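A.B. asks: Quick one: structure below, then a few questions.
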Amino acid sequence: MNEELRVAVDRRTNGAILYTKGYINNVGGEEIANRAYELMDADARILLLNLRETKIVNSIGISILIEIIEKMMDKGGKIAFCCLTPVIHKTFQIMGLANYATIYENEEAAVQDLAL
Amino acid sequence: MTMAAERQMELTLPMVDDIEIAAARAAGNLARELGMSSEKIDEMTHAIIEACINAREHSGCADNRIYLRFVGTSIGEGPRIDVWISDHGRGFDPAEARSRRPAPGMAHKRGRGLQLIEAHMDEVDITTQQGGGTTIHMVKYEKKS
């Protein structure tokens with residue numbers, strides 16, 4: 001089965017937007033983490049994850065997203081999400097992500113609020 | 001008397017990476033045929049994914065198989081999908097698993113699978129015994145009365 005996750009990065013002055021496409025499982029979560037940690041090492045302190053083309057997540061993938069959030073919080077930065085499907089939004093709330101990362105309905109609102 | 005439209009499907013899947021997607025897609029296709037809304041299907045497929053992952057990661061079964069059965073009916077207030085996911089593994093104590101569950105909304109890296117299943121489905125019933133495998137029976141309604 002080919003459920004490989006793809007991540008595209010739009011680098012901005014003070015951060016970046018990461019566009020995910022595909023299933024966020026353990027492998028997909030690690031792919032996002034690798035890109036996020038590269039950006040953090042390059043002093044990006046605001047990362048917006050646009051999940052518009054991700055329709056399925058699992059609890060292992062989300063656990064990796066929580067690790068990314070924790071690492072960014074340690075650096076004094078911020079992770080945010082936008083364009084979630086209703087079921088992914090509900091899943092994020094149950095998993096506790098919503099308490100540590102802001103979730104925006106669309107990218108425009110996120111970019112404006114985060115000054116990306 | 002109104003006849004119920006019914007679809008049934010049985011699958012035996014190997015416990016390999018991403019096999020949960022095959023299970024979720026099969027159930028989603030069946031639900032779609034019966035006219036279930038995409039939001040309800042998404043919730044059901046996420047629950048199936050978590051149940052398959054739990055079986056793969058925690059059952060410790062020797063045959064490395066997940067057994068699935070889907071029954072969809074459509075009558076009266078819309079589709080209803082019954083899902084059974086079984087393994088022949090070591091079984092577990094659901095009460096003990098629930099007692100380890102972090103509070104809702106608290107960030108926690110693991111141990112949320114059963115909680116997600118219960119949140120996304122309308123009914124969940126677990127049959128399990130030590131050394132005797134586990135079956136999780138879940139129901140999703142288009143409209144829950």
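A.B. asks: Could you list, in sequence order, the residues of segment A:93-116 that are open to solvent by less than 20 Å² (accessible area, probe 1.4 Å) and at pLDDT 95 or above?
C.D. replies: A:101, A:110, A:114
A.B. asks: Continuing with this model, one more query. Would you tally the residues in segment A:92-106 being outside any strand (DSSP E or B), touching a helix residue (DSSP H, G or I) at 6+ places or on another chain (Cβ under 6 Å) and over 23 Å from residue B:21 (Cβ atoms)?
C.D. replies: Residues flagged as outside any strand (DSSP E or B), touching a helix residue (DSSP H, G or I) at 6+ places or on another chain (Cβ under 6 Å) and over 23 Å from residue B:21 (Cβ atoms) within segment A:92-106 amount to 3.
A.B. asks: Using beta carbons and a limit of 9 Å, which pairs, at least six apart or on different chains, have the first residue in segment A:69-88 and away from every other protein chain (no Cβ under 14 Å) and the second one in a loop (DSSP other than H, G, I, E, B) and surrounded by fewer than 17 Cβ atoms within 10 Å (Cβ to Cβ)?
C.D. replies: Pairs that qualify, where the first residue is away from every other protein chain (no Cβ under 14 Å) and the partner is in a loop (DSSP other than H, G, I, E, B) and surrounded by fewer than 17 Cβ atoms within 10 Å (Cβ to Cβ), are A:75/A:45; A:76/A:45; A:77/A:45; A:78/A:45; A:82/A:105; A:82/A:106; A:83/A:105; A:83/A:106.
A.B. asks: Among the listed residues A:102, A:20, A:91, identify the single one that is under 21 Å from residue B:48 (Cα atoms) and of a type outside the set (A, V, I, L, M).
C.D. replies: None of the others qualify; the one that does is A:91.
A.B. asks: Something else: What single numbered condition from (1) modelled with pLDDT of 95 or more; (2) closer than 24 Å to residue A:88 by Cα; (3) not charged (D, E, K, R) fails to hold for residue B:67?
C.D. replies: In the conditions (1) modelled with pLDDT of 95 or more; (2) closer than 24 Å to residue A:88 by Cα; (3) not charged (D, E, K, R), residue B:67 misses (2) alone.
A.B. asks: Another question about this same structure. Could you list, in sequence order, all residues of segment B:10-53 that are open to solvent by 50 Å² or more (accessible area, probe 1.4 Å), under 21 Å from residue B:126 (Cβ atoms) and either modelled with pLDDT under 95 or of a type outside the set (Asp, Glu) (or both)?
C.D. replies: B:12, the sole residue that qualifies.
A.B. asks: For segment A:14-26, what are the residues that are among the β-branched types (Val, Ile, Thr) and either closer than 21 Å to residue B:53 by Cα or free of Cβ contacts under 8 Å to residues at least 60 places away in the same chain (or both)?
C.D. replies: A:20, A:24 - these are the residues of segment A:14-26 that are among the β-branched types (Val, Ile, Thr) and either closer than 21 Å to residue B:53 by Cα or free of Cβ contacts under 8 Å to residues at least 60 places away in the same chain (or both).
A.B. asks: Next question, about the same structure. Do the conditions hold for residue B:96, that is, is it closer than 18 Å to residue B:140 by Cβ and over 16 Å from the mean Cα position of the chain (by Cα)?
C.D. replies: no
A.B. asks: Something else now. Which pairs do you get when a residue that is more than 18 Å from residue B:43 (Cβ to Cβ), found in segment B:17-33, comes within reach of a residue that is surrounded by fewer than 17 Cβ atoms within 10 Å (Cβ to Cβ), reach meaning Cβ atoms under 7 angstrom, with the pair 6+ apart or on two chains?
C.D. replies: Listed pairs, sorted by first residue: B:18/A:1; B:18/A:3; B:22/A:1.
A.B. asks: Something else now. Looking at segment B:94-103, is at least one residue modelled with pLDDT of 95 or more, within 14 Å of chain A (Cβ to nearest Cβ) and closer than 30 Å to residue A:100 by Cβ?
C.D. replies: Within segment B:94-103, none of the residues are modelled with pLDDT of 95 or more, within 14 Å of chain A (Cβ to nearest Cβ) and closer than 30 Å to residue A:100 by Cβ.
A.B. asks: Does residue B:63 satisfy the criteria of being in contact with a strand residue (DSSP E or B) (Cβ under 9 Å, 6 or more places away or on another chain), part of a loop (DSSP other than H, G, I, E, B) and of a type outside the set (A, V, I, L, M)?
C.D. replies: Taking the combined requirement at face value, the residue satisfies it.
The values are calculated or read from the model by the stated rules, or taken from the named source; none is laboratory data. The shown structure was predicted, so the numbers you read here are calculated from the model rather than taken from an experiment. Quick reminder, even Gly has a Cβ in these numbers, built from the backbone with ideal geometry, and neighbours come from all protein chains shown. All accessible areas refer to the heavy atoms of the entire protein, side chains included, with ligands and DNA or RNA removed. Shrake-Rupley method; radii C 1.70, N 1.55, O 1.52, S 1.80 Å.
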